[in-house]
Amino acid sequence: MTLLGFLGEGLRSVAPVIGILLVFQLLVLRAPLENWREIAAGLVLTVIGLVVFLKGLEIGLIPLGEAASGALARRGSLFLVVLFGLAMGYGATLAEPALRILAERVESLTGGALGAGLFVQTVAVGVALGLGVGAARIVLGIEITPFFIPALALALVLTFFAPERYTGLAFDAALATTGPVTVPLTIALGSGLALALGRGDILVYGFGLVAFTALGPILCVLVLGIILGEPAGG
């Protein structure tokens, strides 16, 4: 019964997307599904994979992140917290599948002028810096607004100096890296630190780290664009 409950939960999560696609395909576009057997098998694997992934986050990754955050907070060392944020942000970014897909596409479209390795490393550094700064903010007990306004202003200023083709890429990179690996770990780090340090309002001090991990890559990719100039390719 427990397994059926998990499968039902996964099916409910993807059912709206499946329904919308089928309605457009069959009723709006009136195009038959020629490979419906393969599609059905893929949907079943999607549901099973989603259930396994979400359960793994619930019982493994998130508790591990919260435990590490609590242990760091009890040590009372700002240096260790920032170092942990830098390391976790960098490592989690390298594991993001969506970022790899984006980087390979960019390398292909620019004819190798902007290599996938350089792009991934730039984004990973941006996430690491964002997570390190965000974690330091929680330890120091500073609200998020004094950090966000200057960072957003700097991003807007850099868009005027970076080549146009890097602007969209920078913002896409931020979204690609805030995926199924980085986000749960980031949330666990933020809430774990805020709870362990006894911050008054968890919604103020425990959240916002995901936004930091998005702003970091935007700034770093824009700076990379200014340094490298207009990429080649179509």
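The values are calculated or read from the model by the stated rules, or taken from the named source; none is laboratory data. As the structure is a computational prediction, the values presented were derived from the model and not from experiment. Ideal geometry is used to build each Cβ from the backbone, glycine not excepted, and the neighbour counts take in all protein chains shown. Note: areas computed on protein heavy atoms with side chains; ligands, DNA, RNA excluded. Shrake-Rupley method; radii C 1.70, N 1.55, O 1.52, S 1.80 Å.
Does residue 172 satisfy the condition of being of a type in the set (Asp, Glu) and within 23 Å of residue 144 (Cβ to Cβ)? I'd like the intermediate steps shown before the answer.
Details: of a type in the set (Asp, Glu): yes; within 23 Å of residue 144 (Cβ to Cβ): no.
No, not satisfied.
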Turns out the helices (runs of 4 or more DSSP H) fully within segment 62-146 with at least 2 residues that are over 16 Å from residue 189 (Cα atoms) and open to solvent by 10 Å² or more (accessible area, probe 1.4 Å) are 97-109, 116-140
Of the conditions (1) of a type in the set (A, V, I, L, M, F, W, C); (2) surrounded by 12 or more Cβ atoms within 10 Å (Cβ to Cβ); (3) at pLDDT 80 or above, the single one that residue 18 does not satisfy is (3)
Cβ pairs under 7 Å, 6+ apart or interchain, first in segment 83-97 and among the charged types (D, E, K, R), second open to solvent by less than 60 Å² (accessible area, probe 1.4 Å), ordered by first then second residue, are 96/176; 96/177; 96/179; 96/181; 96/182
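Is it the case that residue 156 is in a helix (DSSP H, G or I) and free of Cβ contacts under 8 Å to residues at least 40 places away in the same chain? Lay out the reasoning, then the answer.
Details: in a helix (DSSP H, G or I): yes; free of Cβ contacts under 8 Å to residues at least 40 places away in the same chain: yes.
The answer is yes for residue 156.
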Counting only residues in segment 161-188 that are among the polar types (S, T, N, Q) and not in a loop (DSSP other than H, G, I, E, B), the one most open to solvent (accessible area, probe 1.4 Å) is identified as 167
All-but-one check, residue 199 against (1) touching a residue at least 40 places away in the same chain (Cβ under 8 Å); (2) open to solvent by less than 40 Å² (accessible area, probe 1.4 Å); (3) of a type outside the set (A, V, I, L, M, F, W, C), failing number (2)
With criteria (1) within 28 Å of residue 79 (Cα to Cα); (2) more than 10 Å from the chain's Cα centre (by Cα); (3) open to solvent by less than 40 Å² (accessible area, probe 1.4 Å), residue 152 comes up short on (3)
Fill in: Residue within segment 26-44 that is in contact with a Phe, Trp or Tyr (Cβ under 9 Å, 6 or more places away or on another chain) and assigned to a helix (DSSP H, G or I) present
no
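Among what's in segment 41-58 and is of a type outside the set (Lys, Arg) and closer than 17 Å to residue 182 by Cα, pick the residue that is most open to solvent (accessible area, probe 1.4 Å). Outline the logic, then answer.
The first filter runs over segment 41-58 and keeps only residues of a type outside the set (Lys, Arg), leaving 41-54, 56-58.
Those left that are additionally closer than 17 Å to residue 182 by Cα: 50, 53-54, 56-58.
Numbers: 50: 46, 53: 83, 54: 72, 56: 34, 57: 22, 58: 112 Å².
Applying the filter and picking the extreme gives 58.
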